[in-house]
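The block underneath contains the structure these notes are about, expressed in structure tokens.
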Amino acid sequence: TWGATSMLEIVDVSASYSGIRALNGVSLTVSQGEMVALIGPNGAGKSTLLNVVSGLVRRSAGRVVFAGRDLTGLGAYEISRLGLLHVPEGRQILGDLTVQENLLLGVTALHGRAPTHTLDRIHELFPILDERRDQRAGSLSGGQQQMLAIGRALMGGPRLLLLDEPSLGLSPLMAGQVLSALRQLNAEGLTTLL
């Protein structure tokens, strides 16, 4: 049963790409304040599930409920404005913009909601982003780009943060820094599905 503290409820979700079933009846609950890791082999549908939750991929069956609101029919931008923010696989930063410009773009997801993280807080979590604030984002290392993608999402005031393979392709040192920051954010109450 779904509890009152459920932040995300995924109920019997199915999705397909070009007629090929990627998800078949997936159900999952993430409670407020939890950090939940979804694990499985390549091709199991992990990325597809996160894309369905964030509105990037349309589901063919089932329901996704975020903080008590059914997300059926909402676009990805509307879902982000509710505070459900997604850091996709591959980071998707804007390489021609500076680090600072990328971070400030995250604020667009607030859409009238109060911010939960400031630039100072992002710089505290990831000091390299402060040091490189005027550098083109595309010239950052992979680990620094991942920090930037997470920082940009945090600027959008997430109530729930989705992270698709946040340590993919990172050196052990960078992966440790990223995962340490995520544990710290979760300890502060940020609900996370990765």
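The values are calculated or read from the model by the stated rules, or taken from the named source; none is laboratory data. The structure displayed is predicted, hence computed values, not measured ones. Here Cβ is always computed from backbone atoms with ideal geometry, including for glycine, and neighbour counts include all displayed protein chains. Side chains included, ligands, DNA and RNA excluded: accessible areas come from the protein's heavy atoms. Shrake-Rupley method; radii C 1.70, N 1.55, O 1.52, S 1.80 Å.
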Exercise. When you look at residue 25, is it over 19 Å from the mean Cα position of the chain (by Cα) and on the phi > 0 side of the Ramachandran plot, yes or no?
Worked result: yes
Exercise. When the stretch 144-159 is examined, which residues are found to be under 16 Å from residue 98 (Cβ atoms) and open to solvent by less than 10 Å² (accessible area, probe 1.4 Å)?
Worked result: 147, 148, 149, 151
For this session: Please go through the stretch 78-102 and pick out each residue that is part of a helix (DSSP H, G or I) and over 17 Å from residue 163 (Cβ atoms).
Result: 78, 81, 99, 100, 101
Exercise. Is it true that some residue in the stretch 60-77 is surrounded by 13 or more Cβ atoms within 10 Å (Cβ to Cβ), in contact (Cβ under 8 Å) with a residue 12 or more places away in the chain and in a helix (DSSP H, G or I)?
Worked result: yes
For this session: Considering every residue within the stretch 171-178, establish whether at least one is crowded, with 16+ Cβ neighbours inside 10 Å, farther than 21 Å from residue 33 by Cα and under 12 Å from the mean Cα position of the chain (by Cα).
Result: no
Seminar exercise, completed: For the stretch 38-59, the count of residues that are closer than 20 Å to residue 168 by Cα, touching a residue at least 24 places away in the same chain (Cβ under 8 Å) and open to solvent by 80 Å² or more (accessible area, probe 1.4 Å) equals 0
Seminar exercise, completed: Contact list, first residue from the stretch 8-22 and more than 25 Å from residue 190 (Cα to Cα) and open to solvent by less than 100 Å² (accessible area, probe 1.4 Å), second anywhere and in a strand (DSSP E or B) and among the polar types (S, T, N, Q), beta-carbon distance below 8 Å, six or more apart or interchain, is 12/27; 14/24; 22/16
Exercise. From the set of residues in the stretch 94-143 that are open to solvent by 50 Å² or more (accessible area, probe 1.4 Å) and either in contact with a Leu (Cβ under 6 Å, 6 or more places away or on another chain) or of a type in the set (A, V, I, L, M) (or both), which is nearest to residue 80 (Cα to Cα)?
Worked result: 107
Exercise. If a residue has to be in a strand (DSSP E or B) and either under 18 Å from residue 88 (Cβ atoms) or not hydroxyl-bearing (Ser, Thr, Tyr) (or both) to count, how many in the stretch 22-54 make the cut?
Worked result: 9
Problem set entry | So residue 185, is it open to solvent by less than 30 Å² (accessible area, probe 1.4 Å), outside any loop (DSSP other than H, G, I, E, B) and touching a residue at least 60 places away in the same chain (Cβ under 8 Å) | yes
Exercise. When residue 116 is evaluated against the numbered criteria (1) outside any helix (DSSP H, G or I); (2) in contact with an Asp or Glu (Cβ under 6 Å, 6 or more places away or on another chain), which criterion, by number, is the only one it fails?
Worked result: (2)
Exercise. Which one of these is small (Gly, Ala, Ser) and in contact with a Gly (Cβ under 8 Å, 6 or more places away or on another chain): 83, 143?
Worked result: 83
Problem set entry | Search result, residues across the stretch 143-165 that are touching a residue at least 40 places away in the same chain (Cβ under 8 Å), small (Gly, Ala, Ser) and not in a loop (DSSP other than H, G, I, E, B) | 149, 151, 153
